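Worksheet: one structure, shown below.
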Amino acid sequence: MADLDGPYDVPCGSDGDDAAAADNTDQEAATSDADLRLPPLPPPLKTRNLEFCCGATTILTCVFIAVGVAAAVIFAPSSNLSFTAKIVCAVLVGVECLVAVISLLVIGFGDPGIVKRTPATINPIPKEVAERLRAGEGLDGLQNFVDESRGVYCVKCCVWRPRNAVHCTTCRRCCRDHDHHCGFYGRCIAKKNLTYFFAVGPAGWAAIVTCIVFAALALAPPIR
Ligand SMILES: [Zn+2]
Ligand SMILES: [Zn+2]
């Protein structure tokens, strides 16, 4: 059985470009081998967490500012807002902040569509890969294998991935329905988290704009 959760410090696969994947359709695929152990998956690049810190800090700063200003606007004795306006301010800022935080959590900790190692995705192991693994050799220098029915065999992840999947060189995983790797949130953006990606920024900024508008109304002299 393949080692799915091995240590992360063992190099795996080549650095070749996926675009240069060889069309090895006629390559004979090896059948599953119970004694065959796949190399452990490498960890994501460390820059990925720095990227996420950048995005998370920006969004959480927006949220804290919005909540702080909204609280001041609502509870300050000198506020000129009516009770109804205070309720509207609280609901709007609350919803916008909630959307921003939930979207950030989904992007940061959710699964964008990573192609995991399962019996269905690792088998059949291409003959050339199997021979190298049996010989205890690395997979450096091998190009991805393309098969009309199975898709693309990624020699870095050792999985068969669908054609709409892409190997992210930062996350070091293949991801289905890949759109792009976001350098601001440090995560792959794909079909599963694309909605949250489009929601997180606008929700954070909308919360800021909302609290500024209500702060201006609260400071304005009451209409007589
Ligand atoms: Zn891959
Ligand atoms: Zn990525």
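The values are calculated or read from the model by the stated rules, or taken from the named source; none is laboratory data. Worth saying up front: this structure is predicted, and the values here are computed from it rather than measured. Cβ placement follows ideal geometry from the backbone for every residue including glycine, while neighbour counts extend to all protein chains displayed. Side chains included, ligands, DNA and RNA excluded: accessible areas come from the protein's heavy atoms. Shrake-Rupley method; radii C 1.70, N 1.55, O 1.52, S 1.80 Å.
Of the residues making up segment 80-122, those that are small (G, A, S) and within 30 Å of R173 (Cα to Cα) are A100, S103, G108, G110, G113, A120. Could you go through segment 125-139 and let me know if any residue there is basic (K, R), open to solvent by less than 70 Å² (accessible area, probe 1.4 Å), within 18 Å of R37 (Cα to Cα) and in a loop (DSSP other than H, G, I, E, B). No, segment 125-139 has no match at all.
Residues of segment 150-189 that are within 15 Å of ligand 2 (Cβ to nearest atom) and small (G, A, S): A165, G183, G186.
Here A120 passes the criteria (1) loosely packed, with under 14 Cβ neighbours inside 10 Å; (2) within 16 Å of ligand 2 (Cβ to nearest atom) except the one numbered (2). The single residue among P11, P43, P39 that is crowded, with 17+ Cβ neighbours inside 10 Å and either modelled with pLDDT of 90 or more or out of contact with any Phe, Trp or Tyr (no Cβ under 9 Å at 6 or more places or on another chain) (or both) turns out to be P39.
Based on what the data block shows, is R117 away from ligand 1 (no atom under 16 Å from the Cβ), at pLDDT 90 or above and at negative phi? No; evaluated as a whole, the condition is false for this residue. A search for C-beta distances below 7 Å between a residue of segment 163-176 that is over 13 Å from R48 (Cα atoms) and any residue that is of a type outside the set (S, T, N, Q) and near ligand 2 (Cβ under 7 Å from one of its atoms), counting only pairs 6+ apart in sequence or on different chains, returns A165/C175; V166/C175; C175/C168; C175/C188.
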